[in-house]
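Enquirer: Here it is, the structure in full.
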Amino acid sequence: MSASGGTKAIVAALTANLAIAAAKFVAFLFSGSSSMLAESVHSLADSGNQGLLLLGGRRARRAATPQHPFGYGRERYIYAFLVSIVLFSVGGMFALYEGYEKIRNPHPIEAWYWPVGVLVFAIAAETISFRTAIKESNPLRGGRSWREFVRHAKAPELPVVLLEDLGALVGLILALAGVSLALATGDGVWDGIGTLCIGTLLILIALVLAAETKSLLLGEAATADDERKIEAAVVDNTTVTRLIHMRTLHLGPEELLVAAKIAVRHDNTATEVATAINAVEERIRAAVPIARVIYLEPDIYSATAAATGTDPARPAATP
């Protein structure tokens with residue numbers, strides 16, 4: 001994950017979540033707080049998620065094989081999608097169930113200092129983890145908003161960790177609010193309500209992650225900036241006179257496939273065309289280093305075909 005810069009953030013989140021999960025479970029045993037149980041399962045699920053992200057990054061580095069000639073870069077997308085499933089099922093659904101049970105059968109919180117102390121510790125640890133994820137994301141985010149970064153990032157690890165850490169922080173605040181209200185009123189129903197809120201939050205985050213990683217799994221084109229760089233690198237106005245059309249596809253976060261039809265002069269020899277194609281490939285790779293798989297088809301440009309849209313590979317018009 002050299003280009004994603006996400007490994008440090010994943011390891012920081014994994015370390016924090018393992019420590020927090022253990023502390024929350026101890027607090028649940030001493031206090032009987034359902035918010036603490038839901039939060040301990042949430043942290044345990046997050047720890048498993050970070051393990052999945054690390055495993056996906058490791059498996060994605062395998063070399064291409066005859067059966068998988070484009071390599072295994074998309075394994076990172078698959079494991080990120082699994083993270084959303086785990087967060088939804090283990091974290092969110094369990095919290096909803098536990099909250100419902102606590103509202104049906106409320107009981108007061110015992111040894112209040114355990115859940116409160118653990119929640120304060122967990123908020124501090126998650127804040128450190130969240131800060132690490134933000135620091136690692138900023139160089140890749142550039143001038144984009146956080147919403148745009150999560151929606152359009154090609155490497156899934158940092159958006160996943162960011163959303164998990166954000167969900168963990170908000171969940172901890174909800175748990176603290178539920179525990180505090182239960183202690184203040186002596187009514188354990190508030191603890192159950194806090195747990196329901198945690199479950200709802202986790203499910204919403206899981207749905208966002210699922211939607212974004214689904215788009216990556218289906219196959220996304222290069223960014224608009226990279227496509228502009230590729231287009232500029234194609235034409236040399238000597239042999240290659242025009243880019244007729246182009247398709248790009250991410251084979252993984254750091255590997256891009258480029259397929260294009262380029263216009264050459266009608267009187268060029270086969271040797272001149274082959275030399276021009278090799279030169280175009282070199283210019284594309286210099287402009288966009290992740291463009292590792294390039295297929296170029298030479299053709300004679302027809303203004304009539306372009307105007308009438310008879311090119312079978314021309315994309316359909318979009319509103």
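The values are calculated or read from the model by the stated rules, or taken from the named source; none is laboratory data. Here the structure is a predicted model, which is why all the values come from computation and not from measurement. Cβ coordinates were reconstructed from backbone atoms using ideal geometry, including for glycine residues, and neighbour counts include every protein chain displayed. To get the accessible areas, we keep the full protein, side chains included, count just its heavy atoms, and leave off ligands, DNA and RNA. Shrake-Rupley method; radii C 1.70, N 1.55, O 1.52, S 1.80 Å.
Enquirer: With charges only on Cβ, +1 for K and R and -1 for D and E, what is the dipole size of the chain about its Cα centre, in debye, rounded to 20?
Expert: Its charge dipole is roughly 320 debye.
Enquirer: Grab the other residues whose beta carbon is less than 15 angstrom from that of Ala19, score K and R as +1, D and E as -1, and report the net.
Expert: Charge balance in the 15 Å sphere: -3.
Enquirer: In square nanometres, what is the average projected area of the Cα convex hull of the stretch 1-145?
Expert: Averaging across all directions leaves 10.6 nm² for the Cα convex hull.
Enquirer: For the stretch 95-163, which GluC sites (Glu not before Pro) are in a loop by DSSP, counting at most 14 other Cβ atoms within 10 Å?
Expert: Passing both the DSSP loop test and the Cβ count: Glu110.
Enquirer: A further question on this structure: From the phi of every residue in the stretch 240-254, what ³J(HN,Hα) in whole Hz does the Karplus formula 6.51 cos²θ - 1.76 cosθ + 1.60 yield, where θ is phi - 60° and glycine or proline is x?
Expert: 8, 9, 6, 8, 6, 7, 8, 10, 10, 8, 7, 7, x, x, 10
Enquirer: Calculate, axis by axis, the spread of Cα positions in the chain along the three principal axes, and write the results as whole Å, longest axis first.
Expert: 89, 38, 36
Enquirer: Applying 1/(1 + (r/R0)^6) with R0 = 22 Å to the Cβ-Cβ distance of Val208 and Tyr100, what FRET efficiency is obtained, to the nearest 0.05?
Expert: 0.40
Enquirer: Can you tell me how much longer the chain between Ala232 and Thr65 gets when fully stretched, taken as 0.36 nm per residue apart minus their C-alpha distance, in nm with one decimal?
Expert: Extending this stretch completely gives an extra 56.9 nm.
Enquirer: Just list whichever of Lys24/Lys102; Lys154/Lys229; Lys135/Lys229 have alpha carbons separated by over 21 Å in the model shown.
Expert: Lys135/Lys229
Enquirer: In terms of the Cα gyration tensor, with a ≥ b ≥ c the square roots of its eigenvalues, is the stretch 175-278 rounded because a/c is under 1.5, prolate because a/b exceeds b/c, or oblate?
Expert: prolate
Enquirer: Assuming R0 = 51 Å, can you tell me the calculated FRET efficiency for the pair Val26 and Ser215, based on Cβ-Cβ distance, to the nearest 0.05?
Expert: 0.80
Enquirer: Out of Leu218, Gly186, Ala270, whose Cα points farthest toward the positive end of the dipole of the stretch 135-288 (charges: +1 Lys, Arg; -1 Asp, Glu; placed on Cβ)?
Expert: It is Ala270, whose Cα lies furthest towards the positive end.
Enquirer: Does anyone have the angle between helix 94-104 and the longest principal axis of the chain? Alpha-carbon axes, 0 to 90°, nearest 10?
Expert: Compared with the principal axis, the helix lies near 30 degrees.
Enquirer: Report, to the nearest whole %, how much of the accessible area of the chain belongs to carbon and sulfur atoms, 1.4 Å probe, protein only.
Expert: Here carbon and sulfur together make up 64 percent of the probe-accessible area.
Enquirer: Which of the aspartates and glutamates could a cross-linker bridge to Lys214, judged by Cα under 17 Å and excluding same-chain residues fewer than eight apart?
Expert: Those aspartates and glutamates meeting the cut-off are Glu75, Glu148, Glu157.
Enquirer: Further, regarding this structure: If you take the charge dipole of the chain about its Cα centre, with +1 on Lys and Arg Cβ and -1 on Asp and Glu Cβ, which of Val86, Pro66, Thr239 is farthest toward its positive end?
Expert: Thr239
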